[in-house]
1. Tell me which residues come under 5 Å, amide H to amide H, from HIS71 once H is placed; ignore anything under 5 positions away on its chain.
2. Enumerate by residue number the GluC sites (Glu not before Pro) in region 81-186 meeting two conditions: DSSP loop (anything except H, G, I, E, B), and at most 16 other Cβ atoms within 10 Å of the site's Cβ.
3. Could you calculate the FRET efficiency of LYS60 with LYS24 from 1/(1 + (r/R0)^6), where r is the beta carbon distance between them and R0 is 30 Å, rounded to 0.05?
4. Where does each of CYS188, CYS240 land when they are ranked from fewest to most other beta-carbon atoms within 10 angstrom?
5. Return the long-range amide H neighbours of PHE42 (sequence gap of 5 or more, or a different chain), with a cut-off of under 5 Å between placed amide H atoms.
6. Springs between alpha-carbon pairs under 10 angstrom, Gaussian network model over the chain: which of LYS251, LYS55, LYS148 fluctuates most?
7. For a quick check: sort MET1, MET233 by the number of other beta carbons within 10 angstrom, fewest at the front.
8. Tell me, what ³J(HN,Hα) does each residue in region 209-224 have, in order and in whole Hz, if you take phi through Karplus 6.51 cos²θ - 1.76 cosθ + 1.60 with θ = phi - 60° and put x for Gly and Pro?
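Readers should treat all values here as calculations from the given coordinates under stated rules, not as data from a laboratory. Owing to the predicted nature of the structure, the values given are computational and were not obtained by experimental measurement. With ideal geometry, Cβ positions are generated from the backbone for all residues, glycine too; neighbour counts draw on all protein chains shown.
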Amino acid sequence: MIVSTYNVNSVNARLPNLLSWLEKTRPDIVFLQEIKTEFNAFPFFEINTAGYEAKVYGQKSYNGVAVLSRHKMTLVSEGIPGFADENARYLEVIVNAPEAKIRAASVYLPNGNPPYNDPDDESKFIYKLKFMDALYYHVQKLLRTHEKIILGGDFNVILTPDDVYNPELFKNNALFRPSVRQRLNALCHLGCYDAFRTLHPKENGYTYWDYGGRAYEQDLGMRIDYLFLSAQMADALSGCMVDKTPRTADKPSDHTALTAQFRF
């Protein structure tokens, strides 16, 4: 079984890129973030024609998450249960694959940095911390079920200094502040295994490069997209890689895909 996460940065703008990648790689489950479209404008026809069912939690022009699956799935939750949020950032489903029944969630954490015109505004950062706290308590409940669970998405967190090309430049950035890193580490300590780091403790694993300054060409990237696994999923993990194909295609997202393989 192949599972991928991909911040597509507008599903309609990247649709040819996305469809080409799906045809070449054929993942069983795909988590999408920043689809930037409402439900009614999502390209269901094209995605279905490519062989995928889609569950979508959309939002006009901003945010939005989706799960694509080659297998039947059931919607569980739009948004983190019990957390009041006007933004579309969390979508949870049950995927009924022949190999296994999997609880899967597409996650798009807030960035948390202030507006450019008001650098002292901490409201976005406070929202990020509240979102991460809510996610922690929800995942804590999920792990008690002992199901096969996978969370995939853009977590907007640089977990360690090894996960960014120059940590000194980001020491005051909301992606790298201690309280944010502590919260993502706390999620790991619950029993969520970082799929990439489990198999690649030393590689940079960058999944994001800014559009400007020839960042991709110079590999000035960061690792902010993750696949987090319950113990039952981690036991089946057989491979994990950063797939740079979407980032090198025409009109790419500033992110690329992270893909894991499982044998049950």
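1. Under 5 Å from the amide H of HIS71: GLU53.
2. Those that pass, being in a loop and sparsely packed, are GLU86, GLU99, GLU122, GLU147.
3. After rounding to 0.05, the efficiency reads 0.50.
4. Starting with the residue having the fewest Cβ neighbours, the order is CYS188, CYS240.
5. none
6. Checking each option, the largest mean-square fluctuation is seen for LYS251.
7. MET1, MET233
8. Residue by residue, region 209-224 yields 9, 4, 5, x, x, 6, 4, 5, 4, 9, 6, 8, x, 8, 9, 10 Hz.
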